[in-house]
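> Okay, here's the structure, questions in a sec.
The values are calculated or read from the model by the stated rules, or taken from the named source; none is laboratory data. Quantities reported herein were computed from a predicted structural model and do not represent experimental measurements. Methodologically, a virtual Cβ is constructed for each residue, glycine included, from the backbone with ideal geometry; neighbour enumeration extends over all protein chains shown.
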Amino acid sequence: MSEPEAPAERKPWSPVLAGAVALVGVAALCCWGALSQFSPSIRSDDPREYPRKDEALHITYGGGDLEDDLLPRYSVKLPCDVQHLRWGNHEDMGSMGSLYLRFDTSPTCLDEFLRDNRLQSAAAWTPAVFVPAEYGWAVSSSDAAYAASPSERVQLSVSIHRGEQRPEAYVVAVYR
């Protein structure tokens, strides 16, 4: 019978290999830190959110909560008496994004919304980005248009439809 072989002696890591592993680790931590303001989200718990085509890889700012994260980011103040609110959020991996809001409110609260967001009358509704067709918005050129830049990086475009019922607001906020 032959005797079992002794285990081979482990070689220590070379300085180059150890440095490469450390560099990859530091790079991964830096990437995670830079992207930590964004959260990948598979499904929102908010029934007011529009369905998304990008369910598997949706990126959203902060935790993706409308009131706690998105409205402050886009410098939008909702009015009192909001009903039938629907919203959508499109972010990219950089620093840009778009927030879409549709709601109706009372005429008095609509005036409050226009005042609180410093919206000024505009010649036409010209949002800086296209509204996704799946949202089904029915914005007309005869609707009242408003615009504002509540901060250096945010543009607001608002269309108000004053129908037979309560006024309907269509809001596009773009963060650049």
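> Those residues that are under 20 Å from L110 (Cβ atoms) and in contact (Cβ under 8 Å) with a residue 60 or more places away in the chain, I need them from the range 136-154; list them, please.
Passing the criteria: only P150.
> Looking at the range 119-159 only, could you name the residues that are touching a Pro at 6+ places or on another chain (Cβ under 7 Å) and of a type in the set (A, V, I, L, M)?
L156
> Can you find a residue in the range 70-84 that is of a type in the set (V, I, T) and closer than 24 Å to D46 by Cβ?
yes
> Can you give me the ranges of the strands (runs of 3 or more DSSP E) entirely in the range 63-176 with at least 3 residues that are under 22 Å from the mean Cα position of the chain (by Cα)?
Answer list for the range 63-176: 83-91, 97-104, 144-151, 154-161, 168-175.
> Can you tell me which residue in the range 83-120 is modelled with the lowest pLDDT, limited to those that are among the polar types (S, T, N, Q) and touching a Lys or Arg at 6+ places or on another chain (Cβ under 9 Å)?
S95
> So if I check each of D69, D104, D111, which one is free of Cβ contacts under 8 Å to residues at least 40 places away in the same chain and touching a strand residue (DSSP E or B) at 6+ places or on another chain (Cβ under 6 Å)?
Unique residue meeting the criteria: D69.
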